[in-house]
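The values are calculated or read from the model by the stated rules, or taken from the named source; none is laboratory data. None of the values given here were measured: they were computed from a predicted structure. Cβ: placed from backbone, ideal geometry, glycine included. Neighbour counts: every protein chain shown. For the accessible areas, the whole protein counts, side chains as well, though only heavy atoms, and no ligand, DNA or RNA atoms are used. Shrake-Rupley method; radii C 1.70, N 1.55, O 1.52, S 1.80 Å.
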Amino acid sequence: MAACRELRKEHAKEFFESFDTVLFDCDGVIWDANDEIPGAKDTLRKIKEMGKRIIFITNNSTKSRTQYAKKFTELGFESVPKERIFCTSFAAAHYLKEKLKFQGKVYLIGEAGLEEELTEYGISYTGPGPDPVTGIQKEWLHIPLDPEVRAVVVSYDVHISYVKIFRAASYLSDPSVAFVGTEMDGRKHYPGTHVVKPGTGCIINAVKTAALREPLILGKPESYLFECIQQSIKEVDQSRTLMVGDNLHTDIPFGRNCGLKTLLVLTGISTLEEARHFQASNSIHDQKKVPNFYLPSIKELGELIDKVQ
């Protein structure tokens with residue numbers, strides 16, 4: 001059972017000696033939309049100076065690795081090579097090419113980041129952009145389907161429409177067509193407002209309901225992103241790796257599923273009250289959401305480094 005202890009000075013030396021690699025979630029940990037989380041740059045620099053390996057891992061599929069590397073630079077962080085960034089857009093392309101040895105075309109419900117990663121892997125696709133309802137219902141029976149499509153990949157898509165769900169489910173009526181989802185993030189609520197942003201999980205659930213098929217999910221809390229990391233960076237040892245995240249439903253259970261140490265920061269989605277609730281539960285599923293340690297933010301992690309050096 002995870003302790004969910006506040007990481008304090010008395011734990012710090014043993015804590016920092018227990019890992020060689022740190023996986024950082026991005027939004028809510030390193031930045032908030034387009035603003036640095038205070039202290040993030042300094043903390044990353046200090047961790048790097050300790051000789052630790054830093055890797056960034058995100059469920060966000062709207063950007064490619066190259067686009068994420070550019071964002072780090074634009075926000076004033078030290079340059080990050082794309083090979084140290086693992087996002088679900090990359091995972092989708094990697095899975096199709098490396099696992100499935102995919103031949104054919106993808107029907108893609110997704111955005112530019114996925115398009116770029118598929119293109120980099122030499123995978124052809126169809127589907128991005130608006131696809132609104134036109135005509136009357138009986139005409140929909142004659143919506144053209146591309147006979148070369150051998151996989152459906154579903155991700156976040158601001159242009160999601162009834163017709164896109166229609167096409168995806170129709171392709172998936174052939175059981176030999178692969179069904180891949182990037183992540184199941186349900187929503188983001190903006191504190192202080194009534195605004196709720198539906199996530200990728202809403203779109204995937206619509207498609208799987210229509211298709212009567214279950215997708216393979218690649219993002220956190222599933223372990224495929226860590227499999228990608230270990231294939232790409234052979235030196236990463238799960239017993240010597242720390243996962244730092246802000247989400248008790250994705251980051252922390254991902255760490256637990258992969259055998260990693262876990263640290264929750266309270267600058268994003270989840271709260272300490274939620275962690276305590278899961279800690280008190282007798283459910284194994286809930287226990288996987290409990291971190292080993294927590295801190296108010298990444299800034300305090302950097303301050304602890306100063307105290308042990």
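Structure above, values below:
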item	result
Size of charge dipole - the chain - debye, nearest 20, with Cβ of Lys, Arg +1 and Asp, Glu -1, no other charges	360 debye
Antiparallel bridges, percent of DSSP beta bridges restricted to the stretch 102-217 (to nearest 5)	20 percent
Relative pair counts by distance (%), Cα atoms of the stretch 114-243, 5 Å bins	2, 9, 15, 19, 18, 14, 10, 7, 4, 1, 1, 0
By average C-beta atoms within 10 angstrom, highest first, the peptides 73-79, 285-291, 209-215	285-291, 209-215, 73-79
Relative contact order for the stretch 102-217, counting Cα pairs under 8 Å that sit 6 or more residues apart, in percent	25 percent
Accessible area of the chain belonging to carbon and sulfur atoms, whole % at 1.4 Å probe	51 percent
D42 versus S223: modelled label distance in nm, points set 7 Å from Cα along the beta carbon direction	3.8 nm
Histogram of C-alpha separations across the stretch 109-182, 5 Å bin width, %	3, 14, 26, 26, 19, 8, 3, 1
Whether the chain is rounded, prolate or oblate, judged on the alpha carbon gyration tensor where a/c under 1.5 counts as rounded	prolate
14 Å beta-carbon shell around L218, net charge (K/R +1, D/E -1)	-4
Given charges at Cβ of Lys, Arg, Asp, Glu: the chain dipole, positive-most of G259, F293, L145	G259
Total formal charge among the other residues, if their Cβ is under 13 angstrom from that of L172, Lys/Arg +1 and Asp/Glu -1	+3
Rough spin-label spacing in nm, given labels placed 7 Å along Cα→Cβ, for Q137 and R8	6.5 nm
Net charge dipole size for the stretch 199-239 [Lys, Arg +1 and Asp, Glu -1 on Cβ; Debye, nearest 20]	240 debye
Where labels lie 7 Å past Cα in the beta-carbon direction, separation of R187 and S281 in nm	1.8 nm
